[in-house]
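J.: Just passing along the structure, written as structure tokens.
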Amino acid sequence: MSQLNPTAPATVAPVSIPVRELAPWALFAALLAVVVTYFVGAEQGAFSLISGSDVHEWVHDGRHLLGFPCH
């Protein structure tokens, strides 16, 4: 069984993530965040895209949690 030397500094090599590989995922996450914010904050209001109250009922508690008034 080997023993670790507690005084020796641990060497950790930094991981390089190319921006070209990260950009599509960041764009997807931003678009998804905008869509979720729209459905929680604005759907069933003045800018309603879907008729009925189903979307409002599904996101009602999340709407209050995030501070969006709805009634």
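J.: Across region 55-66, in residue order, what do the Karplus-derived ³J(HN,Hα) couplings come to in whole Hz, using 6.51 cos²θ - 1.76 cosθ + 1.60 with θ = phi - 60° and x for Gly and Pro?
T.: In residue order, the calculated couplings are 5, 4, 5, 5, 10, 4, 5, x, 4, 5, 4, 8 Hz.
J.: For region 19-65, build the convex hull from the C-alpha positions and give me its volume per residue in Å³.
T.: 84
J.: Rounded to a whole number, what % of the accessible area of region 19-65 do carbon and sulfur atoms account for, probe 1.4 Å?
T.: 72
J.: Follow-up. Skip the ligands, DNA and RNA, and give the accessible area per residue of region 19-65 with a 1.4 Å probe, whole Å².
T.: I get 81 Å² per residue for this part.
The values are calculated or read from the model by the stated rules, or taken from the named source; none is laboratory data. What you see is a predicted model, and the numbers here were worked out from it, not measured in a lab. Note: areas computed on protein heavy atoms with side chains; ligands, DNA, RNA excluded. Shrake-Rupley method; radii C 1.70, N 1.55, O 1.52, S 1.80 Å.
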